[in-house]
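The values are calculated or read from the model by the stated rules, or taken from the named source; none is laboratory data. Since the model is a prediction, treat every value here as computed from it, not as a measurement. Glycine also receives a Cβ, built like all others from the backbone with ideal geometry; neighbour counts cover every protein chain displayed. Side chains are part of the model used for accessible areas, which takes the heavy atoms of the whole protein and leaves out ligands, DNA and RNA. Shrake-Rupley method; radii C 1.70, N 1.55, O 1.52, S 1.80 Å.
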Amino acid sequence: MIVLEKRPQPSRNWSLATPVLAVLATMIFGGLLFAALGKNPVEAIRTIFWDPLFGEFAFYYRPQLLVKGAPLVLIAIGLSLGFKAGIWNIGAEGQYIMGAITGAAVGLAFYPLDAWYVFPLMVLGGALGGWVWAMIPAILKVRFGTNEILVSLMLVYVAEQMLASMSLGLLRNPEGHGFPGSRNLNDYAAANSWIHQNAGLHWGVAAALIAVIFAYVLLNRHMLGFHIRLTGEAPRAARFAGVNPARLILFCLGISGALAGLAGLFEVAGPAGQITIDFNIGYGFTAIIVAFLGRLHPVGILLAGGLMALTYIGGEIAQSQLGLPAAAIQVFQGMLLFFLLALDLLTNFRIRLHKKEAA
Amino acid sequence: MTSPLLSLQGLTKAYPGVVANSNVSFDIATGQVHALLGENGAGKSTLVKMIYGLVQPDNGVMLLNGQPYAPAEPRAARADGIAMVFQHFSLFDALNVAENIALGMERPPAMRDLAARIREVSETYGLPLDPYRTVGDLSAGERQRVEIIRCLLQDPKLLIMDEPTSVLTPQEVDILFETLRKLKSEGTAILYISHKLEEIRALCDHATVLRLGENVGECIPAETSARDMAELMVGSTLQPPERAERDLGEVALDISGLSVPAPGEFGTSLNNLHMTVRQGEVLGIGGVAGNGQDELLGVLSGEILTLPEAVRLNGQAVGNLGPTARRRLGLLTAPEERLGHAAAPDMTLTENAMLTGSVRRRLESRGFLRWRDARGFAEKIIQDFDVRTPGPENAARSLSGGNLQKFVIGREVLQDPQVLVVNQPTWGVDASAAAAIRQAILDLAAHGAAVVCISQDLDELMEISDRFAALNEGRLSTPRDTAGLTIDEIGLMMGGAHGMEVAHV
């Protein structure tokens, strides 16, 4: 009989080893899955993990990694602060959309003014849009005790309607011959988030790195970060320590909303270029996985965001080159999360083989 | 000598890193009240868990009426006539007495028959109890009756009682003892676990003393002094705390007209509390658990806010200030629940030192944390309070209850408080650690701090407090000087027998 036994304290070695083991287990079982589909497993794994980084066309894929990874990391960092405190913002996708809309709106309001302050104002607008959208579940929770999971999630669908309405109405390109969608900000130099387009470098990448450092310092060196961790570990002890739960909810939801809004703004002012009906592609939801894959640790999230971007891009290559079905790629990504969460158990528990005595 | 009811022979049980029981042997005779005595962590709980089938021994055998006895689970133990009343009740507040009892039965009879059986058994043993009352409304003593009756319905041959008097007033203890004597006279053996020596001397026929998992001696309690038993239990001579003569100063903590609504459905509301504590004084607050102790601590720590004037610290109204502001002013508290309230279980001792120490020990500057200083503070607590742990980077949950308690009390004492409020400072702590904690509290008072000690351990309160008051159903009795108080007076301040009828046997 296998018995799980709680460790006296979490094992540091295991908490470092489990992500690596999870990736290895995913490769093995993913390989089996691909083999069952009649593909060469080694080739499939190589296509997903190796080709985007070091393959023949890596010069094209590497910038893509930054473009895909940056919004994931930026959003996941914000989410992780709340998740650590047990405050569940599931609506980052909505905050991402609102940030993109408000940020783009600020830029479009100045069009075609060419001034240095246009882009900084857009950044502020984007952060503010995401923040306001996250304040709705925050204030409802503090004031009326509503469930922030439900409210923030439902607001995603409101934001999507808003996005459709904006691309068809208020923000529609006046010179767009009636097609839905705003002006393309890539054609408006003062409102552009690219630093070096060919390298995939835009201000969102820089913001993601700054956010990682900021979160690391906050969590490890600052009282507020300590209170966030304390609230997640032991809410009563946190109150005893003097944490004001309402203020913490407002802070955590606010900062995750603002970061998601920023991610939206950088996306719309760079890789996407314009507000369109199908602007959002699920970064806000994938970031939840990234946050957990990185075990809510800033550096872990940075690595996880990279890994997630890798499986996306590698998955696309595998689809086009090897003809793997999209569903198989999704199963593969699901396996990664599954193995990580399952192996996570070993951080806090050890497995013992228990021999049952004959009575 | 007649053959014993239950004979334990060489029982051994080891957990990873600790031997809970090592080669323990003793016999329990039919109709005997047998005391199992030992400090916390001596292995009493593990031993009775083996008898009750919750844990299987690694080695050794048990004989019940001469037959091999190896219960695989509590159900098997119950089938063999062994019942147990746990220290912590497993009752559902929202259900009534009969429903609670039915839940624990294999094949519960119809509710009306069960209620009749409950009435019958409860009256036979002098434990009056209405089967249709909701458990949430019962006092601790009455809840214990529910547990006892649940056991008696199985007609046990051996009844195991784990620290049964820790939640009772002295009057309630008397009622319980009458019941146990009646059971004994009918031939039921009782295994009575306790560390309260006077009780054991009054009740038990025979005592087995455990220390560090081993049987270190047996005695006839009535013929042995409490002091001898204590020394057998601890393995060394005990130092009673010393109290220095001291002058009382100004009023440091002043509570007047404090009323707070109950925080939850089964919480207790506080009604019009008045008390003052002067510098250098220890005020003991007794009372059975659940009569407002947690709420009182919350009000003093700042977790529950009140009108500003209800709580005054050195004359300043602080009732509306949160925990951090109160710490800054010198009002420190140590809650009862160590894991999850006083300390975060999965965090290190350094982090837990930061938890309350940041303000007064200057462990932060402008919001940024000084981890090196926090570590130094944690090390100082560990050293000054003899906390047994490999180091400050260990998680709080890896410490034993007594060691964590020393850490929690030490953390507050070393912050040089003007007023210290402790709730159950020695609950679940072994005798030597408890003595150290009490000494620390007295030393603090000797240096001019005002101390409020909330506790259910009356001996402790008599030992350390200058004045005594009791919480009963959210009301506080008028504090009285401890010197000269009799146990009867204390019992009445605590609410007497809470309206429980005395056993008529």
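If you go through the stretch B:170-228 and pick out every residue that is in contact with a strand residue (DSSP E or B) (Cβ under 6 Å, 6 or more places away or on another chain), in a helix (DSSP H, G or I) and surrounded by fewer than 18 Cβ atoms within 10 Å (Cβ to Cβ), you end up with 0.
Kindly provide the set of residues from the stretch A:1-34 that are within 24 Å of the chain's Cα centre (by Cα) and among the basic types (K, R), ordered by number. Once the filter is applied, which keeps residues that are within 24 Å of the chain's Cα centre (by Cα) and among the basic types (K, R), the stretch A:1-34 yields nothing. Of all residue pairs spaced 6 or more apart or on separate chains, those with beta-carbon atoms under 6 Å, a first member in the stretch B:382-406 that is not assigned by TED's automatic domain parsing to the domain that holds B:Y15 and a second member that is assigned to a helix (DSSP H, G or I) and of a type in the set (S, T, Y) are B:P392/B:T350. Can you name every residue in the stretch B:372-397 that is touching a Ser or Thr at 6+ places or on another chain (Cβ under 8 Å), more than 8 Å from every other protein chain (Cβ to nearest Cβ) and more than 23 Å from B:Q439 (Cα to Cα)? Matches in the stretch B:372-397: B:A374, B:R375, B:P392, B:E393, B:A396.
Residues checked against (1) within 14 Å of another protein chain (Cβ to nearest Cβ); (2) in contact with a His (Cβ under 9 Å, 6 or more places away or on another chain); (3) of a type in the set (G, A, S); (4) surrounded by fewer than 21 Cβ atoms within 10 Å (Cβ to Cβ):
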position	(1), (2), (3), (4)
B:V24	no, no, no, no
B:A29	no, yes, yes, yes
B:T46	no, no, no, no
B:N59	yes, no, no, yes
B:G81	no, no, yes, yes
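Would you be able to tell me the number of residues in the stretch B:324-333 that are farther than 14 Å from B:Q418 by Cα and open to solvent by less than 10 Å² (accessible area, probe 1.4 Å)? The number of residues fulfilling the criteria is 0. When restricted to residues that are facing chain A (nearest Cβ under 8 Å) and at positive phi, the stretch B:349-368 contains 1. Scanning the stretch B:309-327 for residues that are within 10 Å of chain A (Cβ to nearest Cβ) and assigned to a helix (DSSP H, G or I) turns up B:P323, B:T324, B:A325, B:R326, B:R327. Here is the figure for the stretch A:268-307: residues that are over 19 Å from A:T26 (Cβ atoms), open to solvent by 20 Å² or more (accessible area, probe 1.4 Å) and not β-branched (V, I, T) total 9. Filtered by the rule that a residue be under 29 Å from A:K68 (Cβ atoms), more than 10 Å from chain B (Cβ to nearest Cβ) and open to solvent by 50 Å² or more (accessible area, probe 1.4 Å), the stretch A:208-246 gives A:L209, A:I210, A:I213, A:F214, A:Y216.
Which of the residues spanning the stretch B:73-131 are outside any helix (DSSP H, G or I), in contact with a strand residue (DSSP E or B) (Cβ under 8 Å, 6 or more places away or on another chain) and over 23 Å from B:E178 (Cα atoms)? Result: B:D80, B:D93, B:A94, B:L95, B:N96.
Scan the stretch A:109-125 and give yes if some residue there is within 19 Å of A:Y283 (Cα to Cα) and in contact with an Asp or Glu (Cβ under 6 Å, 6 or more places away or on another chain), otherwise no. Checking the stretch A:109-125: not a single residue is within 19 Å of A:Y283 (Cα to Cα) and in contact with an Asp or Glu (Cβ under 6 Å, 6 or more places away or on another chain). Take B:R150 and decide whether it is of a type in the set (K, R), open to solvent by 20 Å² or more (accessible area, probe 1.4 Å), closer than 26 Å to B:Y69 by Cβ and within 26 Å of the chain's Cα centre (by Cα). For B:R150, the condition - of a type in the set (K, R), open to solvent by 20 Å² or more (accessible area, probe 1.4 Å), closer than 26 Å to B:Y69 by Cβ and within 26 Å of the chain's Cα centre (by Cα) - is met.
Among the residues of the stretch B:28-63, just one is part of a helix (DSSP H, G or I) and in contact with a helix residue (DSSP H, G or I) (Cβ under 8 Å, 6 or more places away or on another chain), namely B:I51.
Condition check ((1) of a type in the set (G, A, S); (2) modelled with pLDDT of 90 or more) across all residues:
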site: B:S45; (1), (2): yes, no
site: B:A83; (1), (2): yes, yes
site: B:L91; (1), (2): no, no
site: B:R107; (1), (2): no, no
site: B:A140; (1), (2): yes, no
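Looking at B:A42, B:A35, B:A29, just one residue is touching a Leu at 6+ places or on another chain (Cβ under 7 Å), of a type in the set (G, A, S) and within 18 Å of B:I220 (Cα to Cα), and that residue is B:A29. Of the residues in the stretch B:417-430, at least one is more than 14 Å from chain A (Cβ to nearest Cβ), under 27 Å from B:L363 (Cα atoms) and open to solvent by 20 Å² or more (accessible area, probe 1.4 Å). Scanning the stretch A:1-50 for residues that are open to solvent by 70 Å² or more (accessible area, probe 1.4 Å), out of contact with any Leu (no Cβ under 9 Å at 6 or more places or on another chain) and more than 14 Å from every other protein chain (Cβ to nearest Cβ) gives A:N13, A:L16, A:V20, A:L24, A:I28, A:F29, A:L32, A:A36, A:V42, A:R46, A:W50. Against the numbered list (1) free of Cβ contacts under 8 Å to residues at least 24 places away in the same chain; (2) over 24 Å from A:D278 (Cβ atoms); (3) not polar (S, T, N, Q), A:A115 comes up short only at (1). Would the stretch A:98-108 turn up any residue that is open to solvent by 10 Å² or more (accessible area, probe 1.4 Å) and hydroxyl-bearing (S, T, Y)? Within the stretch A:98-108, one or more residues are open to solvent by 10 Å² or more (accessible area, probe 1.4 Å) and hydroxyl-bearing (S, T, Y). Of all residues in the stretch B:334-348, those being more than 11 Å from every other protein chain (Cβ to nearest Cβ) and open to solvent by less than 30 Å² (accessible area, probe 1.4 Å) number 0.
For the stretch B:309-318, the criterion of a residue being more than 30 Å from B:S256 (Cβ to Cβ) and open to solvent by less than 10 Å² (accessible area, probe 1.4 Å) is satisfied by no position. Scanning the stretch B:38-80 for residues that are of a type in the set (A, V, I, L, M) and in contact (Cβ under 8 Å) with a residue 60 or more places away in the chain yields B:A42, B:L47, B:V48, B:I51. The one condition from (1) without any contact (Cβ under 8 Å) to a residue 60 or more places away in the chain; (2) under 25 Å from B:R181 (Cα atoms) that B:L152 does not meet is (1).
Among the residues of this structure, B:L404 counts as one that is over 27 Å from B:S269 (Cβ atoms), buried (at least 21 other Cβ atoms within 10 Å of the Cβ) and more than 9 Å from chain A (Cβ to nearest Cβ). For B:A140, the test of being small (G, A, S) and open to solvent by less than 30 Å² (accessible area, probe 1.4 Å) is passed.
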